[in-house]
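Q: Dumping the structure here so I can ask a few things about it.
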Amino acid sequence: MVLLALVVSAGLLGGLARPPLGAHAVHPRLRHAGLLGGGAVLNAASLLFDGNVAILSLTASLAVLIAFAATNRHVTGIAVVGLGLLVNLAPVAMDGGMPVRPGALVRAGLVAPDDLVGTELRGARHLETDRDVLGVLGDALPLRPLGEVLSLGDLIVVAGAGDAVRELSRRRPRRRSVATDTGHRASPGDAPAGGSATIDLASDQRPTSTPELVG
C-alpha cells in the first residue's frame, strides 16, 4: 500500500527529527513481535490464494494483528492501528471477504467503466453487491493519485502506524562513559583513598608534651 509506505516514511523522519528522549525517559518497546510477523505472513498468504482459503487467511491475519496491537497498546499509535484492523475485520467476517466498490475502482483509474462486468478480484476481495451487509466499510475510498482503493479501516491503520513509527524512531540520549586512568600514580599531595591525609610537620612545629609557661 503506497499510502502506508509514505506515511510510515514521514513518521520515521519526524521521529528522527525530534529531540532525544530525556535521560530518565523510558523508551517504548514492542512486545511479542512474533505476532506481527505471523500476521504479516497470513496477510501475504491471503493474496496468493482465492476463495475460502484466502478469506480464512485474511481473517486470521487481522485477528493476530489485533492481538499484537492489544499487547502493545502502551505504544502511542498502536491502539489506533488495532481499531482500524477491527474495522476491517467486520466486513471480512460478515460479507465473506472484503467488498470492493466498483465505482471506486473506476474513480481510482484502476478499471475502465466498460470492463467492470468482467472484472474479477484475486485473494479475499470481491466486487461489492447488494448482498454485502457492511459494504460501506469495505474498499470504497478511491485515491486516484496513488492508484489505490482503501477502506475506512485502512485510513485508521495508516494514521496509527505513522504515529507509532514516529514515537518508536525517536532517538535515545547518549550515555556518557567515565574513563578510568589506571596508570595514575599518587603524588605526595594526594590523599590515600578511603583514608585521611597525613601532614608531616617540622620538628619545631610539632606540639610538645608539656605546655610552655609564659611568664
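Q: Exactly one condition in (1) buried (at least 18 other Cβ atoms within 10 Å of the Cβ); (2) within 21 Å of Leu121 (Cβ to Cβ) is false for Phe49; which is it?
A: (1)
Q: If you don't mind, there's one more thing I want to ask. Does Pro91 qualify as being assigned to a helix (DSSP H, G or I), surrounded by 17 or more Cβ atoms within 10 Å (Cβ to Cβ) and at pLDDT 95 or above?
A: Spelling it out, Pro91 is indeed assigned to a helix (DSSP H, G or I), surrounded by 17 or more Cβ atoms within 10 Å (Cβ to Cβ) and at pLDDT 95 or above.
Q: Would the range 126-137 turn up any residue that is closer than 25 Å to Ala164 by Cα and in contact (Cβ under 8 Å) with a residue 12 or more places away in the chain?
A: Yes, the range 126-137 has at least one match.
Q: To continue, here is another question. Scan the range 94-108 residue by residue and report those that are of a type in the set (A, V, I, L, M, F, W, C) and either surrounded by fewer than 22 Cβ atoms within 10 Å (Cβ to Cβ) or more than 28 Å from the chain's Cα centre (by Cα) (or both).
A: Residues satisfying the conditions are Met94, Val100, Ala104, Leu105, Val106, Ala108.
Q: Out of (1) under 29 Å from Asp130 (Cα atoms); (2) out of contact with any strand residue (DSSP E or B) (no Cβ under 7 Å at 6 or more places or on another chain), the odd one out for Arg101 is which?
A: (2)
Q: How many residues are closer than 10 Å to Asn88 by Cβ and among the small types (Gly, Ala, Ser) when one looks only at the range 147-162?
A: Adding up the residues that qualify gives 2.
Q: Let me ask you something else. What's the number of the only condition in (1) surrounded by fewer than 21 Cβ atoms within 10 Å (Cβ to Cβ); (2) touching an Asp or Glu at 6+ places or on another chain (Cβ under 8 Å); (3) in a helix (DSSP H, G or I); (4) among the hydrophobic types (A, V, I, L, M, F, W, C) that Ala79 fails to meet?
A: For Ala79, the exception is condition (2).
Q: Which is at pLDDT 90 or above, part of a loop (DSSP other than H, G, I, E, B) and either of a type in the set (Asp, Glu) or within 25 Å of Val80 (Cβ to Cβ) (or both), of Asp163, Asp130, Asp181?
A: Criteria check complete, one pass: Asp130.
The values are calculated or read from the model by the stated rules, or taken from the named source; none is laboratory data. None of the values given here were measured: they were computed from a predicted structure. Don't worry about glycine lacking a Cβ; one is built from the backbone with ideal geometry, like all the others, and counts go over all protein chains shown.
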